[in-house]
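Read the structure below first, then the notes.
FYI, it's all coordinate maths here, none of it is from the lab. Remember, predicted model here, so these are calculated numbers, not experimental data. Cβ atoms come from the backbone with ideal geometry, glycine included; neighbour counts cover every protein chain shown.
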Amino acid sequence: MSKLSVTLRLYYGQVTYDVNQKVTSKNEPITIQHGTVEWVNFLKHLKANGITKVDVEKIYDLDKVNKDEPVESLERYKEVEDEKIQKEVDEYLQAPVKELTPEQKQIKALQDQINELTAANTAKAPKTPPAGNKDAANTAK
């Protein structure tokens, strides 16, 4: 596997936009190497650091070097596209889904039954006009 340098844009708190749809909330870019211990620890602590959204901006393959370009040049390394990295980052931001206990499953089943019964009753109920409107009462008959 090749070494990848990933540039992430971190958003803190609620993401807000101005009239021109530009982000106004606090955000900053960072660059970190994918697959390292630092990468794993950073992703584990995203929520603890108040980060609510992360966008993968750029991914560079550090193994594919263009030696004709100077070291400072952005074109020295080949930029690659990898949707798996964005999905990996999103998994760390999502709340883990817990499996329901047997009691919670039973409560959910009962709530679903109640919702079905109330929905069926409202669908069968005849539509009655408001009490003060005689014209509507005549047309409903």
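Assorted remarks:
- Annotation: extensible slack from THR122 through SER25 equals 30.4 nm (criterion: 0.36 nm per residue apart, minus Cα-Cα distance).
- Charged-residue dipole, Cβ positions (Lys, Arg, Asp, Glu), the stretch 4-93 about Cα centre, Debye nearest 20: 380 debye
- Extended-chain gain in nm, criterion 0.36 nm per residue less alpha-carbon gap, VAL37 and VAL71: 9.7 nm
- In this simple spin-label approximation, TYR12 and HIS45 carry label points 7 Å from Cα along the Cα→Cβ vector, and these lie 1.5 nm apart.
- Rg and Dmax, both from the Cα atoms of the stretch 4-93 and both in Å, are 14.8, 44.
- Summed residue charge, Cβ within 15 Å of VAL65's Cβ, Lys/Arg positive, Asp/Glu negative: -2
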